[in-house]
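Here the structure is laid out as structure tokens; the discussion comes afterwards.
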Amino acid sequence: MKPPRFSLTRSVGGAVLVTLICVNTLLLAVFGLIDYFGEDRRLQEELRYDLSVITEQLAANLGEPLWFMENAHVQHLVDGAMQNERVAAVVVTEPADGNIVIGRSRDRSWSPSPVAFQPALENAISKKNDIYFGEALVGKVEVQMSRRFMDSALQNSLILIVLRIFGLNAALAVVLVMVLRRQIIGPLTRLERYAAQVAQGGSADDRPTGLYGELDSLSRAMEEMVHRISLAQRKYRDIFEHATEGIFQSTLDGRLLSANAALAKMLGYESPAAILDSITDIDSQLYYAASDRQQLLARLMQEEFVTGFQARYVRRDKQTIWVLVNIRLVRDNAGLPLYTEGTISDITARVRAERRLEILIRHLREAVKERSGRLAVKAAELEAANLRLQELDRLKSGFLATVSHDLRTPLTSIMGFAKLISRDFLKYFAPFATGHDRLARQAERIASNLAIIENEGERLTRLINDFLDLSKIEAGRAQWRDTQVDVAAALTRAADAVSADFDAKPGVRFTMTIAENLPPLTIDPDRLTQVLVNLLGNAAKFTDEGFVKLHAFVRDDLLRIELTDTGEGIQRESLEKIFDKFHQAQASDTVEENRRRKGTGLGLAICRQIVEHYQGRIWVESELGRGSTFILELPLAQPPAVAASGPDA
């Protein structure tokens, strides 16, 4: 392939040549003009100098002849001055009236000729001098010198400058053409042929050789660029050919310009060439409804991009598929539409699944509606049952409260008589068994049984009292006698109340740390003591060795009491259950241990009810085998409804 021919000003070499010649011409013209104006100034100065010299010489020489009126001598001197070709005229006049004594001027042939009047010559300069003989003014002389010879010299100088410019430019053009052809035009021509070869699909490895400097760097950069472009083209060609989605280009009138293998396979054709040859009208051959494509084109003209357009296509085997079209409009530089390009995805399986899902959703809604009706009936039944259970719960609470009250009187009598029998038996009958083994064993057994009756009676009394107390709190009938309580004094009283339990266990060390200046707490002092005694009693009951620590302090406007023991701890799943009614955490399975630690199971439930009544919190942190920490928090500033509460109705 031959490189294209460019005009001189459009090619690189021509542009360089024209640029250098223009620059050289400009420089030579500038320097020539400088020389020209310098020569003009020099010739003018020389002309003025000669005019001054000639005028002064004539004035000096004409003084004596004019005084003695030697006209022949005067004429001879004037003719001598006219021998200088640059002198255009010489006029000698009288000093008084200015009449011409003698005068000479140039005619058309530039020969001297007499004049009778003052000459007026063009392109000439003049100078006048007075003529003296001694001290007497005898006349005046005027000399005019022409510029014609100076102008001729300047014209010759200008012609020489122009010839010099043309000569130097010609020499420069010849040298530049030779250098440019060798160093620039030739290498650029080879690079141009290399680029044309690569553009036609030739090898990029046949880079021109024999290049130097920047052109060699340019050729290497072109080779690297060609390799990168080739890799990018190969990459995008691979993407185009191996894409899982159909890729296409089409004209606005419905012809396919290009298609990849995925699109051909999607529509049932063997190859992209087959689909391009077969489909000539997209509207009628591909779209199940031609109006879909018209709608797509209308949106495309307005939005330039259309994504997620769902339509039905007809395959080669006349089967219909659902597709998702993403398409954009390509325009030329003038903004006119050229063609469209985009991707097509087969979503037939998804559409079918969505339709099946719609059917299932419709069936599900019907089932939910039917189920909701049944649940509404069940809810009404449960609401009625709940009301009945609440009524039964109230009846149960009332019944248990009545039974508890009725049990307290005979239970008190039983405990009283048991204590009396035990005292009288040990005082009056037991001494008679002394010395008789069988009677002694029977006496000891009777005393033990009476002690069991007393202990169980006391436990049953506590159970009844706790149950009645809890029932009152839950029913809102408990009495709350709130007052300002000294927290430190209340803690000390509670510790004194259970001191006997700690004294009975020498292996347990009880310590109490109370922060100084604890503010008073508005609370029922008996209820606070009940909570503290219950917590301290449990700690003493379930701790056999180690320590029990009580720490009271203020944090964030809350009274915080922490009770830590080294007992056997509580299982994680029981940390909340121990605050439920009738729940007991068992640390051992032996009968003796269970009997020793058996309680009512209502103490912690009552504690939580009391603490929550005052908007406080109580909880436990424990690990089995590592002891427990019961934490109690009560607000120091009680809400008005609580601080001012009295006995509940």
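Summary of computed values
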quantity: Strands (runs of 3 or more DSSP E) wholly inside the range 58-114 containing at least 3 residues that are loosely packed, with under 14 Cβ neighbours inside 10 Å; calculated: none
quantity: Where a residue in the range 296-307 is aromatic (Phe, Trp, Tyr) and its partner, wherever it lies, is modelled with pLDDT of 90 or more, with Cβ under 6 Å and at least six apart; calculated: PHE305/ARG328
quantity: Residue within the range 590-608 that is in the same structural domain as PHE502 (by the TED database), at pLDDT 90 or above, open to solvent by less than 50 Å² (accessible area, probe 1.4 Å) and not in a helix (DSSP H, G or I) present; calculated: no
quantity: Residue list for the range 280-302, restricted to those being open to solvent by 60 Å² or more (accessible area, probe 1.4 Å) and assigned to a helix (DSSP H, G or I); calculated: SER284, GLN285, SER291, GLN294, GLN295, ARG299, MET301, GLN302
quantity: Residues that are free of Cβ contacts under 8 Å to residues at least 40 places away in the same chain and either under 34 Å from the mean Cα position of the chain (by Cα) or not in a helix (DSSP H, G or I) (or both), drawn from the range 244-279; calculated: THR244, ASP253, GLY254, ARG255, LEU256, SER258, ALA259, ASN260, GLU270, SER271, ILE279
quantity: Selection count, the range 387-416, where residues are surrounded by 12 or more Cβ atoms within 10 Å (Cβ to Cβ), at pLDDT 70 or above and of a type in the set (S, T, N, Q); calculated: 1
quantity: Unmet requirement for LEU163, which otherwise passes all of (1) assigned to a helix (DSSP H, G or I); (2) open to solvent by less than 40 Å² (accessible area, probe 1.4 Å); calculated: (2)
quantity: Which listed residue, of VAL377, VAL351, is part of a helix (DSSP H, G or I), among the hydrophobic types (A, V, I, L, M, F, W, C) and in contact (Cβ under 8 Å) with a residue 12 or more places away in the chain; calculated: VAL351
quantity: Residue within the range 290-297 that is assigned by the TED database to the domain that holds GLN249, of a type in the set (A, V, I, L, M), over 27 Å from HIS242 (Cα atoms) and in contact with a helix residue (DSSP H, G or I) (Cβ under 9 Å, 6 or more places away or on another chain) present; calculated: yes
quantity: Residue within the range 505-525 that is surrounded by 13 or more Cβ atoms within 10 Å (Cβ to Cβ), aliphatic (A, V, I, L, M), assigned by the TED database to the domain that holds ARG617 and closer than 20 Å to CYS607 by Cα present; calculated: yes
quantity: Residue under evaluation LEU215, criteria (1) modelled with pLDDT of 85 or more; (2) touching a Leu at 6+ places or on another chain (Cβ under 9 Å), criterion not met; calculated: (1)
quantity: Selection status of THR340, assigned by the TED database to the domain that holds ALA243, among the β-branched types (Val, Ile, Thr) and either buried (at least 18 other Cβ atoms within 10 Å of the Cβ) or within 35 Å of the chain's Cα centre (by Cα) (or both); calculated: yes
quantity: Residue match in the range 136-146 (condition: surrounded by fewer than 18 Cβ atoms within 10 Å (Cβ to Cβ) and either in a strand (DSSP E or B) or in contact with a Pro (Cβ under 8 Å, 6 or more places away or on another chain) (or both)); calculated: yes
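Every residue, every condition in (1) charged (D, E, K, R); (2) open to solvent by less than 20 Å² (accessible area, probe 1.4 Å); (3) at pLDDT 90 or above, yes or no:
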residue	(1), (2), (3)
LEU550	no, yes, yes
ASP556	yes, no, no
ARG560	yes, no, yes
THR566	no, no, yes
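The values are calculated or read from the model by the stated rules, or taken from the named source; none is laboratory data. Since we're looking at a predicted model, the values are computed, not measured. In this analysis, Cβ positions are derived from the backbone assuming ideal geometry, glycine residues included, and neighbour counts consider all displayed protein chains. Just the protein is used for accessible areas: all its heavy atoms, side chains included, with ligands, DNA and RNA removed. Shrake-Rupley method; radii C 1.70, N 1.55, O 1.52, S 1.80 Å.
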